[in-house]
Ligand code: MG
């Protein structure tokens, strides 16, 4: 039987500019190598088996559970990012294990209710270091998860931790594998938020034809298919938009890689970001994102609901900050080490949307005129 080690396989299949597992800087708490799993395969498995990852299934991406069951959750968003990132990574002969682990990690620190939850926690901690979901993902995997007797957190490889830190600081240039995840994240949400908004009824298909990216996509679809229903059209639109953006990024990135002359992973991250769309696609993407911001993310229904979510988180925050003895034991030790506010933020950010919605409602009086009363829990 032929048995190839991770290192041999990577030597064979990966480009010179890919990050090869043999070059890993290792883990904070040294561990023996696994006999047949590479370091980033182990990281991937550790993330999938952690509690914070499973809770992504009950955390929102843009739309809360009140809008039904069609739309993306933070978990399904993450899986779409993994898929797009691996497609890009495989086509560029990059390290897919590292890409997959980084993509699974990228939203692990999101608190309940997405950016609404993040903004209120950040305000509540404004004099205590603030709250940022990218940074929180690092706290989760370095401190808050308790799954292994030998160390706190998941003891992930340094390349993953550095990649996640880049997402917060945006300083320097990360490995190509990390750049791929950022790109895939953006392609995924631009596309699926559109699909969700159409399904939920916040957007009408005709509105899309005002932006060039979607207009061109609609033209391609109509030249290929006739008589599509609105539902069929929006499904085909999602596939087409992903395909066209992934293909564009691949062509533009290959060209930049050739021009850079990079022969190693280090050289590939020594200059500007290389994984990016073409200039024309970047402009079209910006136009589409602007449209989503105005017509979806700032839609009055969402703004109103976000206000309610923020009230619930604030009420829970005040409750636990006043009574830290009610926190689970390990969060009480964070109170002693890093202060009550950080411990409460750690505890609340690990909750699911449903938990916060139910607990928050018991602490927050509802005004009879509040339209969120009509949302079913
Ligand atoms: Mg994301």
| query | Once you put a point 7 Å from the Cα of residue 207 and another 7 Å from the Cα of residue 286, both along the Cβ direction, what distance in nm separates them? | reply | 2.3 nm
| query | Looking only at 55, 158, 224, which one moves most when the chain is put into a Gaussian network model with springs between Cα atoms under 10 Å? | reply | 224
| query | Rounded to a whole number, what is D in µm²/s for the range 294-356 from Stokes-Einstein with the Kirkwood radius over alpha-carbon pairs (20 °C, 1.002 mPa s)? | reply | 167 µm²/s
| query | From largest to smallest, what semi-axes in whole angstrom does the range 88-225 give when each is the square root of 5 times an eigenvalue of its alpha carbon gyration tensor? | reply | 34, 22, 13
| Between rounded, prolate and oblate, where does the range 1-128 land on the alpha carbon gyration tensor, with a ≥ b ≥ c its root eigenvalues, rounded for a/c under 1.5, else prolate if a/b exceeds b/c? | prolate
| request: Report the residue, chosen from 130, 172, 360, that carries the largest GNM mean-square fluctuation when the chain is represented by alpha-carbon nodes joined by springs under 10 Å. | output: 172
| the range 170-190 residues near the modelled residue 260 label - backbone nitrogen below 16 Å, point 7 Å along Cα→Cβ | 171-184
| What nm value, rounded to one decimal, do you get for the distance between residue 48 and residue 219 when each label is placed 7 Å out toward the C-beta? | 4.2 nm
| note | Rh (Kirkwood, all Cα-Cα pairs) for the range 219-316, Å, reads 17.3 Å
| Point-to-point label distance, residue 22-residue 303, nm (Cα→Cβ direction, 7 Å offset) | 5.8 nm
| note | Square roots of five times the C-alpha gyration tensor eigenvalues of the range 140-299, ordered largest first and given in whole Å, equal 35, 22, 13
| said: Can you classify the chain as rounded, prolate or oblate using the Cα gyration tensor, where a ≥ b ≥ c are the square roots of its eigenvalues, rounded means a/c under 1.5, and otherwise it's prolate if a/b beats b/c and oblate if not? | reply: oblate
| When averaged across all projection directions, what area in nm² does the alpha-carbon convex hull of the range 187-259 cover? | 5.3 nm²
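Quick note: the coordinates plus some simple rules give every number you see, no bench work behind them. What you are looking at is a predicted structure, and each value in this text was computed from that prediction instead of being measured. Please note: Cβ atoms are built from the backbone with ideal geometry, for glycine as well, and neighbour counts cover all protein chains shown.
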